[in-house]
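Engineer: Below you will find the structure I want to go over with you.
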Amino acid sequence: MQKRNPLFRAQSITGNWRFPKAQRRFTSTSSTHASPSISRTILLLTGASIASGFAGFAWATRQKAIVSLAKPEYGSPQDFQKAIVELKNSFPDKDTVSTDPEDVYAHGFSVNDYHPGFAHSVVVYPSSTEDVVKIVKIANKYHMPIVAYSGATSLEGQFRGHSAGGICVDMALMSEILAINEADSDMARIDLDHSMKYFVMFQTLKASLCFSPQIDPAPTATLGGMISNGCSGTNAVRYGTSKGEWFLNVTVVLPSGEVIKTRRRSRKSSAGFDTTKLFIGAEGTLGIITEVTIRLAPVLPTTVAVVHFPDVRKACEAVKDVMNKGVGIQCVEILDDLFMQAIKNFRPTGRDYPQKDTLFFKLQGYSEASLEESAKVVQEVAEKHGGFGFQLAKDDKDAEEIWDDRKSAHYAGLALIPGCRSLATDVCVPVSRLPDLIYETQQDLKQSGLVAPMVGHVGDGNFHAQLLVTNDADLEIAKQVSARLVHRAIAMDGTCTGEHGVGLGKKKYLVEELGEGTVELMKLVKRTLDPLGLFNPGKLYPDENDSK
Amino acid sequence: MSLFHRCLLQPPRNPQPLPSGASSRPRFVAFTQYSPWSREFPFSWRTRALLQSAVYAIGIVLATNYVDSAWFPKGSGYGSSRDVKIAIEKLKLTFPDTEDGEERVSTHPDVLHEHGSSENSYHPASAHSVVVRAQSTEDVVTIVKIASECKIPVVVYSGATSLEGHFSGASPGSICIDMSEMDKILEIHEADSDLICQAGARWEDINDTLEEKGIPLFFPLDPGPGATIGGMIGTGCSGTNAVRYGTAKAEWFLNLTVVLPNGEVIKTRRRARKSSAGFDTTKLFIGAEGTLGIVTEATLRLAPVLPTRIAMAQFKNVEQAVNAVQDVLNSPYGGNIQCVELLDDDMIHAINVAGFTLKPLPVHDTLFFKIQGDQAAIKLAAKTIAKIVKAHGSTGKFEFSETEEEAKNLWSNRKYALTSTMGAHPGTRCWTTDVCVPVSKLPELVYGTKTDLAEAGLRSTIVGHVGDGNFHALILFSPDDPEEFEKVKEAVHRLVHRALSLDGTCTGEHGIGVGKKEYLAEELGEGTVELMRSIKKAVDPMGLMNPGKLYPDPPTK
Ligand SMILES: Cc1cc2nc3c(=O)[nH]c(=O)nc-3n(C[C@H](O)[C@H](O)[C@H](O)COP(=O)(O)OP(=O)(O)OC[C@H]3O[C@@H](n4cnc5c(N)ncnc54)[C@H](O)[C@@H]3O)c2cc1C
Ligand SMILES: Cc1cc2nc3c(=O)[nH]c(=O)nc-3n(C[C@H](O)[C@H](O)[C@H](O)COP(=O)(O)OP(=O)(O)OC[C@H]3O[C@@H](n4cnc5c(N)ncnc54)[C@H](O)[C@@H]3O)c2cc1C
């Protein structure tokens, strides 16, 4: 073996030459020894070139091997310390870089879920795209994980710290609205630094009579987080989700530190596949979004109606029927009997609803008259399917109150058992399968003994069971119920997450849902953009052993 | 290498005094003593050996590179003409003629030519080497595998209505997959408002089938007549309905079954109406123009069919017309507007001359509105529109079609716009342009373009999906006047730049193909284009899928 190795041979030749006699001979410039030295020279040189050739080849292939490494390598704790020093030097303002233990801890955990978490090594508060670029460059230099953090309302552990430590980029300072182009026809657009808080935005935009319709996940969610989780909410029935056309373009700092703007501002463009869409639902694993242009929809008059049903199936049928009538429906939500009871307990001064499965409609129209017209259609259809107790809001204040009942569901549910916490679930199936899904889940819950009110965005086939737990034993049961629920949904051609995203909690289901090939394609895109694997590692993409 | 060489041979900082004999020689000859081959080489034999071997090593590397590039010419990486022949043989073996003697693999020159070029575009086009008709996903997989074994490019041909040379052949030879036999509707789920079909199905056939079956749903994307689902995904199309329903890049494609360049088949998502399971790989293929994989099946979301009526208003100039559109869409009836189309005076003139419609219209810049909703809503909307257009200085009568029959007749003006343009100017050909800007910038763009075309002395008609800021100038030229053709090309170039300077796009709905490649980096920035390229490279490392389209060549440094 060794004999055939040219490298070895080359060494042995030079070995010969190290012989003192030979050395003397070779260095001598006298011509008398020319001919033997020439042949030896040739031998030496061939050997040396072959050796260097192989060395070069080995070097080149070694380079390749690094790129295709499956497991990312992070820097050592010492590297991270250096990185932190460098961050502090780059951002002299002492509030920008924080290693305060409370701060790094708080940014790595969430009370909203139960996934294991780690504190970040450092939290940085950038205030511009350039700041983010600086941070990304430092992360690259020291091979340090980097996790964006915005509203922190995610429910699947999306912004948990990595076990190796890392930089948390808190986008709180980047919440400025840069421009509102209301003149741009019906739907003004606004360019804004992504981290605009929902309520601020709502106020600002109400003034200009516009709103961005799909913006209704949790009340403090931000645009950066909404894009990254591919969120939606109650308005999705009318306006679709964040994967539709609400984000005209995003400015992104790529893992390489390069800044790109994915598109321009025209409302549509066929200029190739839309790279904006890559970042929607990527959970901060492909880059950090620093600016967004969103499309807005005109605010229309709305009103709210409630109607009760003997069971979920009838309610779902009614929804399907109403939707195909083409009346202006902005939202349609189902709350089960348990939730209705919870709401009654939670808001004792409120209305007296029957403890039945209930539909909340938000109707939308161009005038009072058209709203009444729509309400009539809804009532007719609902009653045809066994609905009763139809109530239409008398005025705007009334409508707001009823809708608040719906909005308070989360907290009302939590109040059912004092001191409990909730494990949120979030599956979505083709709408015709929703009654089956809810029914089977109800049976399952009954057997498990958990208290779990349910709420659903029925218009889309999306629903959440709020699994209430008070102790570890309950939590274990809840986790099993949740896993069964996901398998049930996937078996119905549905998804493990309708709107909350994958994070840590759902990645084990991704292969089952999408198939090995699609997941591999996602990983390929990830590797292409982030070869070092620094951006929000451990989230979204299933681990190797999750497949199968 | 020369630099490297020179460095190595550089004399030390303080050269030792030369032997007296050497000093008398000319300088450059004296210098040769530093050559490692010189007997007078002043340093140790080790240095000499090292320098010599370094030079040989570099020589070997260069020689290998040279031989490599001479034998396997760079840039192609594709199979030779012999490989193309092998591929054709393999295809013929795999796909024998059907029982009734029809060929599934064709190398007939007419077929090859027809599948590689289009009446609708004037970009250089080349014929394919072979055309194969696929009937199933498995067929496509087989073809892709043969293509990658022989390293032959693959180009999909579907409805063939695309306008930017999207399906032209590739120069080293290409296999064209004809999707026309993959046009089945596989499943209709009325209760879920969705439908599964093969990629060769035409959108018009889908809507006809739904209507025949009495299912009150339809698929709202409406590009050119004859376009198919696969092509619509490929180009990221839209159409008149985009005002109300958005484009192919919205949520109308729930999932796609795709054959990747490595022959693997993936389904991008399941059938739920929404999902947050990571970024949506469906979207990678929408607008990818067949460069990332071949779509074989798709699940489409459907929308309820609503009654519609048509209204028409005429204006003294296009600016007034376009300004009115924004106010209409901003009114509470904005949601009832399904389409807003602008036809300029030249177009109306052409329609009158061509005479495909029932009655001629006054020659003015004209807006057509398609209003949807129940009767009451439509009437109220029409009334509001009438008021708004009046405020913007509309001339003549505001037309509103009360009955379905009338609506159909009025809309036929819009429908026959392109055919009328050709009909009114027999013997000419027409270059269809397609830019899109933020809606508030549209009046400026349309006005600028009309003036520019007039100044250049070109004949044109304009039709625009103005609700989205998208418009097409159809520029006419006579086929045997190369000078005029040049002028058209220049005008198109100026038009694109005008749109880009207004924060718009070089293509609102027709796609990039070969025609718009040169504008992509200007529009999106080199970084974004590089991102697209790197995804292309990762998904299709051999570059077999529709090469030469979409991605501009990297800038030469
Ligand atoms: C009570 C309650 C109700 C909810 N209801 C809904 C609902 O109806 N619909 C729904 O869809 N969701 C809902 N959610 C979930 C949550 O609100 C959404 O997922 C939301 O989109 C998260 O936004 P965030 O700003 O809080 O993001 P964060 O939690 O801060 O971050 C989310 C992810 O995005 C990444 N990220 C954040 N900012 C950036 C950036 N600038 N660039 C790149 N990556 C970034 C983070 O790293 C993380 O992975 C609810 C949550 C709660 C607590
Ligand atoms: C009269 C006329 C009017 C038009 N009006 C409009 C309009 O209003 N709006 C609009 O958007 N467009 C319009 N177009 C353009 C054209 O109709 C669209 O671009 C359409 O989407 C093309 O579809 P096609 O089936 O003809 O695709 P093709 O021309 O066959 O192919 C288009 C591209 O997609 C690729 N492709 C095709 N099938 C597949 C597949 N299965 N998998 C992967 N890639 C595939 C092809 O390789 C090619 O690159 C018009 C065209 C004409 C002639």
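The values are calculated or read from the model by the stated rules, or taken from the named source; none is laboratory data. A quick note: this is a predicted structure, and the numbers were derived from the prediction, not measured. Note that we place each Cβ from the backbone using ideal geometry, even for glycine, and neighbour counts take in every protein chain shown.
Engineer: Identify the residue in the stretch B:281-316 that is aliphatic (A, V, I, L, M) and away from ligand 2 (no atom under 14 Å from the Cβ) and, among all such residues, is farthest from the other protein chains (Cβ to nearest Cβ). Break it down into steps so the answer makes sense when it comes.
Structural biologist: Initial filter on the stretch B:281-316 (aliphatic (A, V, I, L, M)): B:284, B:286, B:288, B:292, B:294-295, B:298, B:300, B:302-303, B:305-306, B:310-313.
This time we only want the ones that are away from ligand 2 (no atom under 14 Å from the Cβ), so: B:302-303, B:305-306, B:310-313.
Details: B:Leu302: 10, B:Ala303: 9, B:Val305: 8, B:Leu306: 5, B:Ile310: 18, B:Ala311: 16, B:Met312: 20, B:Ala313: 17 Å.
Within the stretch B:281-316, the match that is farthest from the other protein chains (Cβ to nearest Cβ) is B:Met312.
Engineer: If the requirement is being at pLDDT 80 or above, farther than 25 Å from A:Leu44 by Cα and aromatic (Phe, Trp, Tyr), which of these qualifies: B:Tyr34, B:Tyr78?
Structural biologist: The match here is B:Tyr78.
Engineer: Here are B:Leu367, B:Leu361, B:Leu306, B:Leu342: which of them is at pLDDT 90 or above, touching a strand residue (DSSP E or B) at 6+ places or on another chain (Cβ under 9 Å), within 18 Å of B:Ala242 (Cα to Cα) and part of a loop (DSSP other than H, G, I, E, B)?
Structural biologist: B:Leu306
Engineer: Going by the conditions given, is A:Ala483 surrounded by fewer than 18 Cβ atoms within 10 Å (Cβ to Cβ), away from ligand 1 (no atom under 16 Å from the Cβ) and either under 30 Å from A:Asn324 (Cβ atoms) or within 14 Å of another protein chain (Cβ to nearest Cβ) (or both)?
Structural biologist: No, not satisfied.
Engineer: Can you name every residue in the stretch B:393-443 that is surrounded by 15 or more Cβ atoms within 10 Å (Cβ to Cβ), more than 21 Å from B:Pro362 (Cα to Cα) and away from ligand 2 (no atom under 15 Å from the Cβ)?
Structural biologist: B:Thr428, B:Val437, B:Pro438, B:Val439, B:Ser440, B:Lys441, B:Leu442, B:Pro443
Engineer: Considering only residues of the stretch A:134-183 that are aromatic (Phe, Trp, Tyr) and surrounded by 24 or more Cβ atoms within 10 Å (Cβ to Cβ), which is farthest from A:Leu248 (Cα to Cα)?
Structural biologist: Result: A:Phe159.
Engineer: Quick check on the stretch B:257-277. Is at least one of its residues aliphatic (A, V, I, L, M), touching a residue at least 24 places away in the same chain (Cβ under 8 Å), over 24 Å from B:Ala147 (Cβ atoms) and assigned to a strand (DSSP E or B)?
Structural biologist: no
Engineer: Right, here's the next one. Return the residue satisfying two criteria in turn: it lies in the stretch A:360-377 and is over 23 Å from B:Ser331 (Cβ atoms) and surrounded by fewer than 24 Cβ atoms within 10 Å (Cβ to Cβ), and of such residues it is farthest from the other protein chains (Cβ to nearest Cβ).
Structural biologist: Among residues in the stretch A:360-377 that are over 23 Å from B:Ser331 (Cβ atoms) and surrounded by fewer than 24 Cβ atoms within 10 Å (Cβ to Cβ), the one farthest from the other protein chains (Cβ to nearest Cβ) is A:Phe360.
Engineer: For the stretch B:95-130, what are the residues that are aliphatic (A, V, I, L, M) and out of contact with any Lys or Arg (no Cβ under 9 Å at 6 or more places or on another chain)?
Structural biologist: B:Val111, B:Leu112, B:Ala125, B:Ala127
Engineer: Select, from A:Thr285, A:Thr293, the only residue that is outside any loop (DSSP other than H, G, I, E, B), over 19 Å from A:Trp403 (Cβ atoms) and β-branched (Val, Ile, Thr).
Structural biologist: The match here is A:Thr293.
Rundown of residues vs (1) within 30 Å of A:Ile334 (Cβ to Cβ); (2) away from ligand 1 (no atom under 11 Å from the Cβ); (3) at the interface with another protein chain (Cβ under 9 Å from one of its Cβ atoms), yes/no style:
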{"position": "A:Thr220", "(1), (2), (3)": "yes, no, no"}
{"position": "A:Met226", "(1), (2), (3)": "yes, no, no"}
{"position": "A:Val253", "(1), (2), (3)": "no, no, no"}
{"position": "A:Thr262", "(1), (2), (3)": "no, yes, yes"}
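Engineer: With the stretch B:165-252 as the region, which strands (runs of 3 or more DSSP E) entirely inside it contain at least 1 residues that are at the interface with chain A (Cβ under 10 Å from one of its Cβ atoms) and more than 16 Å from the chain's Cα centre (by Cα)?
Structural biologist: On the way: elements: B:175-178, B:185-189, B:194-198.
Output list reads B:185-189, B:194-198.
Engineer: Working carefully through the options B:Gly263, B:Gly278, find the one that is within 16 Å of ligand 1 (Cβ to nearest atom) and within 14 Å of another protein chain (Cβ to nearest Cβ). Steps first, please.
Structural biologist: Values: B:Gly263 fails: within 16 Å of ligand 1 (Cβ to nearest atom).
Within the list B:Gly263, B:Gly278, the selection yields B:Gly278.
Engineer: Still on this structure, I have one more. Among the residues of the stretch A:456-480, write down those that are over 23 Å from the mean Cα position of the chain (by Cα) and without any contact (Cβ under 8 Å) to a residue 40 or more places away in the chain.
Structural biologist: A:Asn471, A:Asp472, A:Ala473, A:Asp474, A:Glu476, A:Ile477, A:Gln480
Engineer: Within 11 Å of another protein chain (Cβ to nearest Cβ) and more than 23 Å from B:Ala303 (Cβ to Cβ), is that true of A:Ala342?
Structural biologist: Answer is no for this residue.
Engineer: Here's something else I'd like to know. Tell me yes or no: at least one residue of the stretch A:465-472 is more than 14 Å from chain B (Cβ to nearest Cβ), out of contact with any strand residue (DSSP E or B) (no Cβ under 8 Å at 6 or more places or on another chain) and more than 27 Å from A:Ile343 (Cβ to Cβ).
Structural biologist: yes
Engineer: Name every residue in the stretch B:309-323 that is more than 31 Å from the chain's Cα centre (by Cα) and either part of a helix (DSSP H, G or I) or among the hydroxyl-bearing types (Ser, Thr, Tyr) (or both), in order of residue number.
Structural biologist: B:Gln320 - this is the single residue of the stretch B:309-323 that is more than 31 Å from the chain's Cα centre (by Cα) and either part of a helix (DSSP H, G or I) or among the hydroxyl-bearing types (Ser, Thr, Tyr) (or both).
Engineer: Suppose we filter the stretch B:348-361 for residues that are in contact with a helix residue (DSSP H, G or I) (Cβ under 6 Å, 6 or more places away or on another chain) and buried (at least 22 other Cβ atoms within 10 Å of the Cβ); how many remain?
Structural biologist: Of the residues in that region, 2 qualify.
Engineer: Residue check, B:Pro261 against (1) within 16 Å of ligand 2 (Cβ to nearest atom); (2) touching a Lys or Arg at 6+ places or on another chain (Cβ under 9 Å); (3) not aliphatic (A, V, I, L, M), all met but one. Which one?
Structural biologist: (2)
Engineer: Check B:Ala381 against each of (1) more than 8 Å from every other protein chain (Cβ to nearest Cβ); (2) buried (at least 24 other Cβ atoms within 10 Å of the Cβ); (3) modelled with pLDDT under 95 and name the one condition it does not meet.
Structural biologist: Only one criterion in (1) more than 8 Å from every other protein chain (Cβ to nearest Cβ); (2) buried (at least 24 other Cβ atoms within 10 Å of the Cβ); (3) modelled with pLDDT under 95 is unmet by B:Ala381, namely (1).
Engineer: Only residues that are more than 8 Å from chain B (Cβ to nearest Cβ) and touching a Ser or Thr at 6+ places or on another chain (Cβ under 8 Å): list them for the stretch A:500-536, please.
Structural biologist: Across the stretch A:500-536, the qualifying residues are A:Gly503, A:Val511, A:Glu516, A:Val519, A:Lys526, A:Asp530, A:Phe535, A:Asn536.
Engineer: Return the residue satisfying two criteria in turn: it lies in the stretch A:300-320 and is more than 31 Å from the chain's Cα centre (by Cα) and facing another protein chain (nearest Cβ under 10 Å), and of such residues it is surrounded by the fewest Cβ atoms within 10 Å (Cβ to Cβ).
Structural biologist: Step by step, filter the stretch A:300-320, then rank; the result is A:Pro301.
Engineer: Moving to a separate point now. Being crowded, with 21+ Cβ neighbours inside 10 Å and at the interface with another protein chain (Cβ under 8 Å from one of its Cβ atoms) is the filter here; which residues of the stretch B:500-518 pass it?
Structural biologist: B:Gly504, B:Thr505, B:Cys506, B:Thr507, B:Gly508, B:Glu509, B:His510, B:Gly511, B:Ile512, B:Lys516
Engineer: What do you reckon, is B:Arg273 of a type in the set (Lys, Arg), surrounded by fewer than 24 Cβ atoms within 10 Å (Cβ to Cβ) and within 10 Å of another protein chain (Cβ to nearest Cβ)?
Structural biologist: Spelling it out, it is not the case that B:Arg273 is of a type in the set (Lys, Arg), surrounded by fewer than 24 Cβ atoms within 10 Å (Cβ to Cβ) and within 10 Å of another protein chain (Cβ to nearest Cβ).
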